[in-house]
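Readers should treat all values here as calculations from the given coordinates under stated rules, not as data from a laboratory. Predicted model, so just to flag it, every value in this text is computed and none were measured. Neighbour counts run over all protein chains shown; Cβ positions are idealised from the backbone, glycine included.
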Amino acid sequence: MSDFWRGKRVLVTGHTGFKGAWLSLWLTKLGAAVTGYSLAPKTNPSLFELTGLGGQLSSNISADINDQHRLGAALTSSSPEIVFHLAAQALVRDSYSDPVGTFATNVGGVATLLDSVRRCPSVRAVVVVTSDKCYENREWVWPYREIDRLGGRDPYSASKGCAEIATRSMQLSFFAPYAAEGHPARIASVRAGNVIGGGDWANDRLVPDIVRGCLGPDAEVRLRNPNAIRPWQHVLEPLGAYLEIAEKLALGHPGIDEAWNIGPEIDENRPVIQVAEALAAALGVGRVVCEKREGDPHEATLLQLDCQKAKSQLRWRPRLQFADAIRYTADWYAAWKREQNMAALTRAQIDEYEALAA
């Protein structure tokens, strides 16, 4: 990591969530002055609380992403140079129970953020985080490229496709270099594969369910879709790419204000059951049971990302293999179970990743 981030003013939306907390911790470690804007953590425990992140931020604002008055005030008071937008409803199954709320947060939140940013003259770069599920998934063997059709069958996936469209519309309408006399902030969207790592406690997400099962009283993990194949990657992989993209945007590098896929090598993709078995083995406890229940909502079987654009134009590449991602994840949860200092351990994992990146 370069010295670029030292002293930079950064706003992170969704900083109390899993990815947002990891990113905010990394930014504070790099010397940035971070303002967090998010609702309170949705889980207990949470990475935000376990690492004491609130006390490390320049400002910790608890508010909804669609509260434009509060968001505008946060931008005015913190005068960020760089904005990372991670605030979202991030669960597929929750989107079935609350489709309206999912679209309001994931699509309306993008429009609210970028409309607020264009009234904040200090901002020079915005990274909008969406998802690999933004593509119209045809369940074919070819990995999706940034130019492939956006879509989504479930409300979550559809909302992420809409978020990409909203980002591009706002960019073309109000921001340089596309709009005449537009705001100078440069904007990019990022579409990461399935992210794993320590500190995730969300319901109905694979790794937290595995950890709860393995470390629970029955030491049993129940899988509803064991053969689904996904581009699994440790959380530090996409976050490192987000940091690199934001830095290039802020420095005015040409050709960065576009959409980017960030994921593992194709041969590192794995079915769900391999993730569960590998994590149980790394934790040293737990058995896997496959259980398909009638009435479960639809979930895609195959999803792969083509990351050649990031490799060739950003010279970015994944640093961790599947086994490394499992080790990092298992080590984190095992340390939590032993009641270790999770702030120190999380920073140690960032240190190790930085050394690999170097």
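When Glu291, Glu265 are sorted by how many other C-beta atoms sit within 10 angstrom of their C-beta, beginning with the fewest, the order is Glu291, Glu265.
Among Arg315, Arg191, Arg153, the residue with the largest mean-square fluctuation in a Gaussian network model of the chain, with springs joining Cα atoms closer than 10 Å, is Arg315. When the alpha carbon gyration tensor of the range 227-358 is reduced to an equivalent ellipsoid, the three semi-axes, largest first, read 29, 22, 12 Å. Our estimate of slack between Lys29 and Arg212, defined as 0.36 nm per intervening residue step minus the Cα-Cα distance, is 62.9 nm.
Put a plus charge on the Cβ of each Lys and Arg, a minus charge on the Cβ of each Asp and Glu, and nothing anywhere else: the dipole of the chain about its Cα centre is then about 460 debye. Summary of the geometry: the range 76-140 and the range 222-251, compared by the centres of their Cα atoms, lie 16 Å apart.
Panel order for Lys337, Lys133, by other beta carbons found within 10 Å of each beta carbon, from fewest to most: Lys337, Lys133. Taking a span of 20 Å or more along the helix axis (Cα atoms) and a mean Kyte-Doolittle hydropathy of at least -0.5 as the rule, the DSSP H helices of the chain that qualify are 155-174, 236-250, 322-337, 342-357. For the range 143-154, backbone phi angles converted through the Karplus equation (6.51, -1.76, 1.60; θ = phi - 60°) give residue-by-residue couplings of x, 7, 9, 4, 8, 6, 5, 7, x, x, 7, 7 Hz, Gly and Pro being listed as x.
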